[in-house]
1. Return the percentage of antiparallel bridges among DSSP beta bridges fully within the chain, rounded to the nearest 5 %.
2. Of all GluC sites (Glu not before Pro) in the stretch 101-152, which ones are in loop regions per DSSP and have a Cβ with at most 12 other Cβ atoms within 10 Å?
3. Within 10 Å of each candidate Cβ there may be at most 16 other Cβ atoms; applying that plus a DSSP loop requirement, which trypsin sites (Lys or Arg not before Pro) in the stretch 210-310 survive?
4. Do any of LYS531/LYS558; LYS312/LYS531; LYS451/LYS558 go past 29 Å between their Cα atoms, and which?
5. Among DSSP bridges having both ends in the stretch 444-577, what percentage is antiparallel? Round to the nearest 5.
6. Quick one: compute the contact order of the chain, relative version, from alpha carbon pairs under 8 angstrom and 6+ residues apart, as a percent.
7. For ALA149 and ALA20 in the same chain, what is the full-extension length gain: residue separation times 0.36 nm, less their Cα-Cα distance, in nm?
8. Name the GluC sites (Glu not before Pro) in the stretch 386-468 that are in a loop by DSSP and that have at most 16 other C-beta atoms within 10 Å, would you?
Amino acid sequence: MTFTAEYTDLVSLVTGATRAHAVRHLFGTERDGAWTWQSYADVGRSAARMRAFLAARGVGSGDVVAIISANRPEWATAAFGALGLGAVFVPMYEVQQPKDWVYILADSRAKVCFVATDAIAAKIRDSGEALAALEHLVVLDGLELPPPAETPAETPRPEDLAFLIYTSGTTGTPKGVELTHRGLSTILCALGEALPFEVGGRAVSILPWAHVGGLAELFSTIHTGAAFAIASGVDRIMPAIAATRPTRLIGVPRVWNKLYDGIKKKMAQKPRALRWIFDTGLRAAGKERARKSLSPGERLALALARRILFPKVRAQLGGELRHALSGAAALSIDVAEFITSLGIEVLEVYGLTEVSAIATANRPGAARLGTVGRALPGVELRIDGEGEGGGEVLIRTPGRMRGYRGLGEETAAILNEEGWVRSGDLGRLDPDGYLTITGRVREVYKLENGKFVSPAPIEEKLTTSPYIAQAVVHGLNRPHNVAVLVVDLPAIRTWLSARGRDAVDTDTMLDDRDVRALLDAEVRRLTNDFKSYERVAQFVPTGEPFTTENDMLTPSMKVKRRNVLRRWGSALEELYRG
């Protein structure tokens, strides 16, 4: 399967976009509630200044430039400036552990490292580690770049390394994934063909650019001449959406779960008649998509919901959102159905760092909920082995990595001589080529009765409860499944207050008989559609969330299952003994 890409290097892609869309908005930033925008031409000039800044510090072809920062315009111009000198760009997260920053800087042999703040710079200087290759530590806050001496952008060879992205990993040391100009450019062009983003379209930056999915979104947005609003923090994402009226949003399932949960909670406080219209309208919309007949009451509710209620919900998202893209993990079918019924098309995508972010996507107008779509142009899929939960998904793509930096054995274990990448994910392909992801190969475990369980779909379903924020399911070599449930404490307090109960401390609240009964009912309701042996029989509730700070989450928001089980393992064992 062949595909001819418009570009074979990222420098030409960015240069072409800044010329073709010079006067259009590219990056929007907020300050004190007001939004200001940089045009494509503005960003092109800033990239030229950054290129000259780096050249003056001796950066040239093959050198490594790193960055530790959340999304901001300077992040992009640092990347564009480095790539224009033939350098390799290494992104890291602000929320990463300092030991990981130091490891990545040493392993990549970074010559220059941009950091967001003085505090990050101090942590690197105070690490005590010898970083022999690091010559310049540059703080972005307050950085002013003078007009450059002319430093023309170099056009790299397609086979040259562009990005070195270290997978955060749920276990072990981060591995540096080597991604080439040709690989990334080809996937970005294929993505633009499968998911065309209209010129003049708008997005809000939710995914971190240090993650390969966010990186793909950044370059694909630029490739298509669209605009990108950058929120000043996580708590400013919803206000940014309302203010900038995006036409497309890309987020992980957790984002859509929160949206689903928030809307459901607001509707629960409305008068009974409005609740009936909303809930019945949602069900009727689902039946309509399934081409089932509607009763007169359902037709009435759907008509009223579409005229009165659904537009008000969409208005909270700016009023112009047409497509909601989801990736990085499986999206609950309930959440996908809910958003689709509101009149926003859900498009799930799938990929991994080792294949330059995206391998499959649902196309507008041809999406199948519950699947991650069909292969992008130029991408091939294969299922290795077949079991009850499917087989391992293999991917062959022009976007495949060159390898893991300095790790020959690890590279050979995932990338074979024929170019197939082992994804580590379980999945099935239907006759039309739509892929369904059913779990992770290494997370599947066997119960005492010999039945295999994939915990990820169960966990994703549990977190659609308004009272459960996070979940980890466990049952290896045990008679049944148990779980650690991170409880949404404000939601529980609201639930108690509605019953005339005063809020109490967290431990007392989680031991409360009524709260336990509520959580038990939620677990039973949400796992009822799973096979009997997959259901969660018992659970440990906790008010302590999984975060990067307590090392329960990776910077890309994947749960470190091993750390969770280490932290709550004894409590789970008590469930079995009890």
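1. 55 percent
2. Details: sites: GLU129, GLU135, GLU144, GLU150; in loops: GLU129, GLU135, GLU144, GLU150.
Counting only loop positions with at most 12 other Cβ atoms within 10 Å, the GluC sites (Glu not before Pro) in the stretch 101-152 are GLU144, GLU150.
3. Numbers: sites: ARG236, ARG248, ARG254, LYS258, LYS264, LYS265, LYS266, ARG272, ARG275, ARG283, LYS287, ARG289, ARG291, LYS292, ARG299, ARG306, ARG307; in loops: ARG291, LYS292.
Answer in residue order: ARG291, LYS292.
4. Among LYS531/LYS558; LYS312/LYS531; LYS451/LYS558, the Cα-Cα distance tops 29 Å for LYS312/LYS531.
5. On the way: 9 of 15 bridges.
In the stretch 444-577, approximately 60 percent of DSSP beta bridges are antiparallel ones.
6. It rounds to 11 percent for the chain.
7. 44.0 nm
8. Working: sites: GLU386, GLU388, GLU392, GLU409, GLU410, GLU417, GLU418, GLU443, GLU448, GLU459, GLU460; in loops: GLU388, GLU417, GLU418, GLU448.
Taking the stretch 386-468 and a limit of 16 other Cβ atoms within 10 Å, the loop GluC sites (Glu not before Pro) found are GLU388, GLU417, GLU418, GLU448.
Taken together, the values in this text are just the output of simple stated rules run on the coordinates, not laboratory data. Quantities reported herein were computed from a predicted structural model and do not represent experimental measurements. No Cβ is skipped: glycine too gets one built from the backbone with ideal geometry, and neighbour counts run over all protein chains shown.
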